[in-house]
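One structure is given here, and the rest of the page talks about it.
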Amino acid sequence: MKATEKIKHLHLRAGFGLRPEEWAKKRKEPLNQQIDALFKQTEAQPFRALDFPFPKDPKSLSKKKRRELRKKSRKLRNQVNNQWIERMIRPKKESPLLDKMALFWHGHFACEPKLHHHAEEYLAAIRQHALGNFKDLLLAVSKSTAMILYLNNQQNRKKKPNENFARELMELFTLGRGHYSEQDIKESARAFTGWHCNAQKAQFKFKERQHDAGSKTFMGQTGNFAGEDIINIILQQKRCAEFLAEKLYAFFVNERKPNKKHISALADTIYNSQYDLQTALRFLFSADWFYDPKHLGANIKSPVLLLVQLARILDLRAENELAWLQPQQALGQLLFKPPNVAGWPGGRSWIDHSLLLMRLNLAAAIFEKTNIVFRPKDDPKAAGRGKGFRKLAVRANLVPLNTLCAQEKDILAALSDYLLLQAPKLSAPNFQAYLSLAQTKEEKIKAGSLLLLSTPEFQIC
């Protein structure tokens, strides 16, 4: 990889790509200096709290009033989504790596908070611990109201254990299939009895009367284990570090071609650092193999990465509260609404025929204010009614791009160098012929950007 390719690769994998003014500066900076910068300002800054006081006793309300209350709270959940997207686009004294990791953890600890304050609590947990210690993160998410309700641990009681959370904890969050027994599930479920929540206040609540304090045997160890003990025993297993390394490698390095040697080295780093996430990620981004040319463009951008990168390139501003929500839903990755507890499958699932066409038309929808089909592919009713065609409610600012290309003689080369990891397959003469239709330099920059942002090459990272 060339030096500039390494820089683009790093910032697309460890963040959401560089803004034009950032690219102008960072393309000349040493790579190790940029890696170091990713690990500064890693403390999550809070979001503005949404003002929505719940009544002291919602159960005293009529069914109609309670439905209205829940409906309003679900609508406010969309504001939590918007706040998070805006923070990815314009960080507040935060490393872009923080929210890229939070996005990774949202897929790893996939859950669907039903109400806005459950989403706020869950998001605060994954952001606060995104670059901290995995144990702290695992405990915080496991005790969040959203996860307790999503995996039915509210129903996990001494006399009638519910195994749902215990199973997913091991299968999806820490070990993977085949590395625990059915007996381990049953015994650990007993340890998590009494882990409940106050849904109204979005607070963890331990109900001692519902907790099974008896002796349990889990992964070869016996004791009067509580939930925290189960998590500690899981973290003692080297397999947990290996499982995390596999997931991190797929997300940050190559989702299609895992390398056992490199994953093993990453797992050793995770385990030997006692699950310190910054140590693991610094090792990953500093490894020579991270910059192997075969990893350049090996992954397909998730809808959120695609949307946020476009917003950073074009300095997009939302014109209404649906501006970020509609494309997320239509492209198949609506934050706080994963398809199931396993999260979004990723990879080629992002680009079936209809989704790829929609992705390729996003830039035109922004530049030309053309209609685009913002309709989830799994909504046949909307298709039958012909609904879903609308304009993307965002406003672009091309001044940063114009500034980036102001001194460039070859606008196409400058734009391609910034926007794409690899040169587009369409021949340069065809591109130049397209640009020749534009009259002014600003028009050429706009036309060139539209063309490059609409290529298949822009869909990969």
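The values are calculated or read from the model by the stated rules, or taken from the named source; none is laboratory data. Owing to the predicted nature of the structure, the values given are computational and were not obtained by experimental measurement. Cβ coordinates were reconstructed from backbone atoms using ideal geometry, including for glycine residues, and neighbour counts include every protein chain displayed.
Assorted remarks:
- Odd one out for Gln203, checked against (1) within 27 Å of the chain's Cα centre (by Cα); (2) surrounded by 17 or more Cβ atoms within 10 Å (Cβ to Cβ): (2)
- In this structure, Glu21 qualifies as in contact with a Ser or Thr (Cβ under 9 Å, 6 or more places away or on another chain) and closer than 23 Å to Ser449 by Cα.
- Filter pass, Glu86 being closer than 21 Å to Leu307 by Cβ, in a helix (DSSP H, G or I) and in contact (Cβ under 8 Å) with a residue 40 or more places away in the chain: yes
- Where Ala146 falls short, out of the listed (1) over 18 Å from Gln236 (Cα atoms); (2) touching a Gly at 6+ places or on another chain (Cβ under 9 Å); (3) surrounded by 17 or more Cβ atoms within 10 Å (Cβ to Cβ); (4) not basic (Lys, Arg): (2)
- For region 89-108, the set of residues classified as under 22 Å from Asn320 (Cβ atoms) and either in contact with a strand residue (DSSP E or B) (Cβ under 8 Å, 6 or more places away or on another chain) or assigned to a helix (DSSP H, G or I) (or both) consists of Ile89 only.
Residue-by-condition table, conditions (1) more than 22 Å from Ile148 (Cβ to Cβ); (2) among the small types (Gly, Ala, Ser); (3) in contact with a strand residue (DSSP E or B) (Cβ under 8 Å, 6 or more places away or on another chain); (4) surrounded by fewer than 18 Cβ atoms within 10 Å (Cβ to Cβ):
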site	(1), (2), (3), (4)
Glu43	yes, no, no, yes
Leu50	no, no, no, yes
Arg66	no, no, no, yes
Ala110	no, yes, no, no
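- Taken over region 251-264, the criterion of being over 20 Å from His179 (Cα atoms) and assigned to a helix (DSSP H, G or I) is satisfied by Phe251, Phe252, Lys261, His262.
- Annotation note: of Glu22, Glu29, the sole residue that is assigned to a helix (DSSP H, G or I) and surrounded by fewer than 20 Cβ atoms within 10 Å (Cβ to Cβ) is Glu22.
- Against the conditions (1) part of a helix (DSSP H, G or I); (2) under 18 Å from the mean Cα position of the chain (by Cα), Pro113 satisfies every one except (1).
- When Lys201 is tested against (1) touching a Gly at 6+ places or on another chain (Cβ under 6 Å); (2) among the charged types (D, E, K, R); (3) at pLDDT below 95, only condition (1) is not met.
- Residues being within 30 Å of Met170 (Cα to Cα), part of a loop (DSSP other than H, G, I, E, B) and either free of Cβ contacts under 8 Å to residues at least 40 places away in the same chain or of a type in the set (Gly, Ala, Ser) (or both) - total across region 302-352: 8
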